[in-house]
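Scroll down for the structure; my scribbles are underneath it.
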Amino acid sequence: MIDSLVLTGMVIKATDVGEFDKRLVILTKERGKIVAFARGARRPKSMFVAVTRIFVFGEFTLYEGREAYTLQKADIENYFTEISNDIEAMCYGSYFLEFADYFTKEGISGTETLKLIYQSLRALQNNKIPNELVRYIYELKMLCINGEYPNMFECVSCKNEAVSMFSVIKGGMLCDKCAGKAGDTVHLDTSTIYAMQYIITSKIEKLYTFIVNEEVLNEIGFIMKRYVKNYVDKEFNSLEILNTILK
């Protein structure tokens with residue numbers, strides 16, 4: 001008899017397979033990213049119809065095979081229905097899942113990434129926080145989890161803590177003296193620097209507890225868009241759709 005196991009996670013990708021099945025990519029706390037098949041999930045009366053969609057978060061009971069898992073049952077804690085019913089939030093959320101899929105691997109704990117996705121999706125449901133800000137916070141914190149974030153605390157060249165210029169190519173802040181040697185520097189408002197330092201150092205649970213003015217939001221966005229483009233070697237479909245919607 002094959003033993004089953006219970007993993008806590010979120011469906012980050014769901015694709016149709018064969019006539020009635022679904023192939024799921026689930027980001028789990030215990031085993032990182034896994035592939036699981038839900039047999040008969042596309043049959044109208046299947047108990048898997050509601051639980052084999054992206055954003056679904058809960059406990060998944062699975063059988064472990066040689067190359068993939070088979071879904072046995074699921075106890076769902078959150079469906080994030082509000083996001084699925086809002087096209088803009090849906091695009092942001094889908095981008096978050098694609099971004100996570102790019103960074104995560106099987107066999108490596110997904111606890112921090114899973115926590116970040118969950119809190120970020122909750123933030124998309126909070127009308128007090130702009131979706132753009134949620135995106136930039138998510139991107140920066142995901143880079144932190146994976147050790148690829150920019151140095152916002154000192155000059156990356158000489159370690160001087162008196163900094164106001166940022167270089168994507170150099171990977172962080174520069175002092176006035178060293179900025180003259182870089183060709184892509186941009187001046188950042190002090191509030192922008194503080195906001196990005198806060199994101200880098202804060203616990204995930206505390207990330208979405210602030211808002212910024214439009215100037216700071218634009219500066220953070222300017223930096224993050226260019227930083228991600230420079231350091232993440234992938235084009236994200238949901239981001240392209242989002243950019244089309246927001247034009």
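The values are calculated or read from the model by the stated rules, or taken from the named source; none is laboratory data. Treat the numbers as computed from the prediction; the structure is a model and nothing was measured. All Cβ positions, glycine included, derive from the backbone under ideal geometry; neighbour counts span all protein chains shown.
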Before we move on, is PHE96 touching an Asp or Glu at 6+ places or on another chain (Cβ under 6 Å), within 26 Å of VAL134 (Cα to Cα) and not aliphatic (A, V, I, L, M)?
no
Of all residues in the range 88-99, which are among the small types (Gly, Ala, Ser) and either on the phi > 0 side of the Ramachandran plot or touching a residue at least 60 places away in the same chain (Cβ under 8 Å) (or both)?
SER94
Surrounded by 15 or more Cβ atoms within 10 Å (Cβ to Cβ), within 19 Å of LYS225 (Cα to Cα) and among the aromatic types (Phe, Trp, Tyr), is that true of TYR92?
yes
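For TYR227, state whether it is in contact (Cβ under 8 Å) with a residue 40 or more places away in the chain and assigned by TED's automatic domain parsing to the domain that holds THR104.
yes
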Answer yes if at least one residue in the range 107-115 is modelled with pLDDT of 95 or more, assigned to a loop (DSSP other than H, G, I, E, B) and not small (Gly, Ala, Ser), and no otherwise.
no
Identify all residues within the range 186-212 that are under 17 Å from TYR149 (Cα atoms) and of a type in the set (Val, Ile, Thr); write none if there are none.
THR192, ILE193, ILE199, ILE200, THR201, ILE204
Going residue by residue through the range 188-200, is there one that turns out to be within 25 Å of ALA100 (Cα to Cα), touching a residue at least 12 places away in the same chain (Cβ under 8 Å) and touching a Cys at 6+ places or on another chain (Cβ under 6 Å)?
yes
Would you call LYS234 out of contact with any helix residue (DSSP H, G or I) (no Cβ under 8 Å at 6 or more places or on another chain) and surrounded by fewer than 18 Cβ atoms within 10 Å (Cβ to Cβ)?
no
Of everything in the range 142-159, what is buried (at least 20 other Cβ atoms within 10 Å of the Cβ) and more than 29 Å from GLY180 (Cα to Cα)? Give them in sequence order.
MET142
Please verify whether TYR102 is in contact (Cβ under 8 Å) with a residue 60 or more places away in the chain, closer than 22 Å to LYS13 by Cβ and either touching a Pro at 6+ places or on another chain (Cβ under 9 Å) or surrounded by fewer than 21 Cβ atoms within 10 Å (Cβ to Cβ) (or both), treating the condition exactly as stated.
yes
On the basis of being of a type in the set (Ser, Thr, Tyr) and modelled with pLDDT under 95, does SER84 make the cut?
yes
